[in-house]
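Below are the structure tokens for one structure; questions will follow.
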Amino acid sequence: QVQLVESGGGLVQAGGSLRLSCVASTRTFTSYAMGWCRQAPGKDREFVAGITWGGGTTYYRNSVKGRFTISRDNAKNTVYLQMNSLKPEATAIYYCAASTRYSPDSAADFASWGQGTQVAVSS
């Protein structure tokens, strides 16, 4: 298990941008693929973006492709999610997650979770 702490959420108007950060407390950060998932009220948690341990491969849910970018800084044990051109349907709690799988692409693939950070997009 790895401890994860997110930050960077907030309220933004549609079309705006936010950058989420997640710091991992582990000596073996590069052992984990990292990802971001989100959960809107009354809905299941869904995968948003993922990145492999070395950062060489990134992947996204279709609805955010071209607008969201996931990245990681292994020297800082940190993963980021840059969200541009935000839409009201992006409103949710965003969770940082870690997985021992090579390229997790669903919420079920992640074993460690942060506490979440709220993102609200107004129309």
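The values are calculated or read from the model by the stated rules, or taken from the named source; none is laboratory data. Predicted model only: the values in this text are computed from it and were never measured. Note that we place each Cβ from the backbone using ideal geometry, even for glycine, and neighbour counts take in every protein chain shown. The area values use the complete protein model at the heavy-atom level, side chains included, leaving out ligands, DNA and RNA. Shrake-Rupley method; radii C 1.70, N 1.55, O 1.52, S 1.80 Å.
Starting from the 7 Å offset along Cα-to-Cβ, what nm value, one decimal, do you get for the label separation of LYS87 and SER63?
The two pseudo-label positions are separated by 0.7 nm.
When ligands, DNA and RNA are left out and all protein chains stay put, how many square angstrom of accessible area per residue does the chain have with a 1.4 Å probe? Write down the numbers at each step before the final one.
Working: 6200 Å² over 123 residues.
Per residue, the chain has 50 Å² of solvent-accessible surface.
Tally up the carbon and sulfur contribution to the accessible surface of the range 47-106 as a whole percent, 1.4 Å probe, everything protein left in place. Could you put the intermediate results ahead of the total?
On the way: 1280 of 2770 Å².
Ligands and nucleic acids excluded, carbon and sulfur give 46 percent.
If you take the beta carbon distance between LYS43 and ARG101 as r and set R0 to 30 Å, what does 1/(1 + (r/R0)^6) give as a FRET efficiency, to the nearest 0.05? All intermediate terms of the calculation are to be shown ahead of the outcome.
Working: r = 24 Å, r/R0 = 0.78.
About 0.80, to the nearest 0.05.
Once you charge only the Cβ atoms, +1 for Lys and Arg and -1 for Asp and Glu, what is the size of the charge dipole of the chain about its Cα centre, to the nearest 20 debye? Kindly include the intermediate steps, with their values, before the conclusion.
On the way: 12 positive and 7 negative charges, 32 e Å.
So the magnitude is around 160 debye.
Now, a different point. Using the charge dipole of the range 28-123 (Lys, Arg: +1 at Cβ; Asp, Glu: -1 at Cβ; taken about the Cα centre), state which of ASN77, THR117, PRO88 has its Cα farthest towards the positive end.
Toward the positive end, the furthest listed residue is PRO88.
Would you mind pulling out the separation of the Cα centroids of the range 67-85 and the range 1-51, in Å?
9
Work out the length of the dipole vector of the range 1-61 about its Cα centre, built from +1 on the beta-carbon of each Lys and Arg and -1 on the beta-carbon of each Asp and Glu, and round it to the nearest 20 debye.
Details: 6 positive and 3 negative charges, 3 e Å.
Computed charge dipole of the range 1-61: roughly 20 debye.
Treating only the Cβ atoms of Lys and Arg (+1) and Asp and Glu (-1) as charged, compute the dipole magnitude of the range 61-109 about its Cα centre; round to the nearest 20 debye. Write down the numbers at each step before the final one.
Working: 7 positive and 4 negative charges, 26 e Å.
Charge dipole, the range 61-109, about its Cα centre: 120 debye, nearest 20.
Rg and Dmax of the chain, Cα atoms, in Å?
13.2, 42
So which cysteines of the chain have no other cysteine's Cβ under 4.7 Å from theirs?
Cysteines of the chain left without a disulfide-compatible partner: CYS37.
What does the charge add up to near TYR60, with Lys and Arg as +1, Asp and Glu as -1, over the other residues with Cβ less than 13 Å from its Cβ? Before the final figure, lay out each step's value.
Values: positive: ARG38, ARG61, LYS65, ARG67; negative: GLU46, ASP105.
Local charge sum for TYR60: +2.
I'd like the Karplus ³J(HN,Hα) series for the range 115-123: coefficients 6.51, -1.76, 1.60, θ = phi - 60°, whole numbers in Hz, and an x wherever there's a Gly or Pro.
7, x, 9, 7, 10, 10, 10, 8, 8
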